[in-house]
Structures are given as C-alpha cells and as structure tokens.
1. Could you put Asp160, Asp230, Asp254 in order of accessible surface area, largest first, with the 1.4 Å probe and the full protein assembly present?
2. I need the P(r) histogram for region 218-263: all alpha carbon pairs, bin width 10 Å from 0 out to the longest distance, whole percents.
3. How much net charge surrounds Tyr185 when only the other residues with a Cβ under 10 Å from the Cβ of Tyr185 are counted, with Lys and Arg +1 and Asp and Glu -1?
4. Starting from the eigenvalues of the Cα gyration tensor, five times each then square-rooted, give me the equivalent ellipsoid semi-axes of region 28-71, largest first, whole Å.
5. Starting from the Cα of Thr72, step 7 Å along the direction of its Cβ; do the same at Gln165; then give the gap between the two resulting points in nm.
6. What FRET efficiency comes out for Leu157 versus Asp203 if R0 is 30 angstrom and r is the Cβ-Cβ distance? Round to the nearest 0.05.
7. Please arrange Glu239, Glu181 by accessible surface area, largest first, computed with a 1.4 Å probe and ligands excluded.
8. Counting Lys and Arg as +1 and Asp and Glu as -1, what is the net charge of the other residues whose Cβ lies under 10 Å from the Cβ of Leu217?
Amino acid sequence: MELWEMSLKMKGSHSPGPRAPSMGTYPIQAINSQILETEALITLWSWLPVRITMYQPILLYTTEEHGCSLTTFFVRVEQHEPTILIIKTCAGEVALVEQLGCHPGAQTRGNPGLCGSVTVKQFLNLGMEPSSAILPLALSLQIFGAYCSTRWIERNLKDDRGNRQAYFGTGETFVFSLWPERHRYPWVGLDRPTGERGEDHFDHAAELFMAADSKMLTVGGGEGQAIWMDENIRYGKTERCQTFDNAPLCESRDFEIRVLEVYGFVGA
C-alpha cells in the first residue's frame, strides 16, 4: 500500500463497534446546533467521508453547557473517532456592541435585547434599519472548524523510545470554513503526485494533522497552524499551514471563541 493511502486510511488499534442505523436522508439534520442552521449542516455533511454519513451524529461537548476547559473537552471527547469541531467567534458580536457604544448588559435605544450576546440572525430579526457601518461589522462573525479523523486520546501515545508523539491523525482530517464563506480544505497529500516507485513527494510537515497536550489543541501544521486553541478554549489563532494549504479560517487570524461544539458519531 502506498504511503499516502496508509496516511489516509490507517486508524491505529481502535476497532469500530457495530454500525448504528440512521433514519432519514441526512442524520445531521437531527442536530440542534447553537451555531449552524440546517443548510450549513447539510453542506458540512456533504464533505464527510461517505461511510461516516451512515452514522448518527451526537453532541459530545459544547462550551455553552460544559464550560470552557480543555480538560473537560478531553474527558468528553477523547475516546470518540472521528469528531467534528465547530467554532463560532466573538468577532461580529464584539464589533457590533462597540459600534453601538454599549457594553454587555446595557440597553440600546428601543432595542433592549441588542447589546450583550448578539448574533447576526438576532440582529437582522430586530427589524432595525442598520447603518452601512454597523451591518458589515455584524457580518464579520466567523464560523469554521475541523473534521478530526482520529481519537484525541492518541495524544498520549508514545513511540519506541518512550517519547510522546507530537502529531497524530490521518489524511481524512480536513479543516473548513462555513461563514461568511464555505470552503473545505482537505489534506494536500490527496492531490500530490507519486513517483515511479510509489513514493510521495511531500514533506513531513504535510502530515501534521492533529496535536494536543494539557495547554493547547491544534489541527494542521507546517509553517503555521490551521486551528490553535488555548487551554481555556477562549482564545485561538488560525494560519495557513502545509498540511492543508488553507487560507486562514478567520479574517483577523487571532480570534476569541464564543461557542465551540464537538460532535461524534454513534457506533463509529
């Protein structure tokens, strides 16, 4: 088997359990996400490996319910494979509040619900006539994430010398953006040519899929990180990386996390 095929398919020692049948065309429609509506969920579903779409998705972790802690994240998520991370940033909310000259908990003229935790959808539903300066700020909200092919507990695995491996995962891992633009960034190895003997022509940096420890979590590597989050799941950054050759997933590159949702798949 060629190296790129092994990177794409090799799963380690975890064996999948019995397949759980899913009802309906899009099982992901059963998700009650605080970040994505049905149309965006269906787009995300179309990007998943075909075999995964046959499993029922389940919410494993959300900062809205389980708090903001990487320790809690690992307790709830690390045994599941694969997982989907969906991040909603604070960019749009913070910019909108600052533009209106108010602070969380304050009231805006005639619209007491406008300040504080404001979403684009809530803003537009207020029926206001926003100025041309306010609306673009509201629309600066970013939603993006990653499909992570391997269990996060593999961060604890060690090599033959007893050293913890820095990166793990497979070539099925990818990152994506869903708002304001929708784009999927797959592993670059899927499009790289192979030599006459089947060897791959890409650097080790192109196989830096997933990494984590008690202080941080990252997806993608090599001259940058596609997604990096701190231990409090509050701040992060996004850069172009060699693993996915992605554009930064957030316009500002440095971001504050408003909501993180993580989904697994029953029986996968």
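The values are calculated or read from the model by the stated rules, or taken from the named source; none is laboratory data. Because the structure is a prediction, the values reported are computed rather than measured. Positions of Cβ are backbone-derived with ideal geometry, glycine not excepted, and every protein chain shown enters the neighbour counts. These area figures cover heavy atoms from the full protein model, side chains too; ligands, DNA and RNA do not enter into them. Shrake-Rupley method; radii C 1.70, N 1.55, O 1.52, S 1.80 Å.
1. The ordering from most to least exposed comes out as Asp160, Asp254, Asp230.
2. Here the calculated profile for region 218-263 is 31, 52, 17.
3. +1
4. 22, 13, 9
5. So the label points at Thr72 and Gln165 sit 3.0 nm apart.
6. 0.85
7. Putting Glu239, Glu181 in descending order of accessible area: Glu181, Glu239.
8. Its environment carries a net charge of -1.
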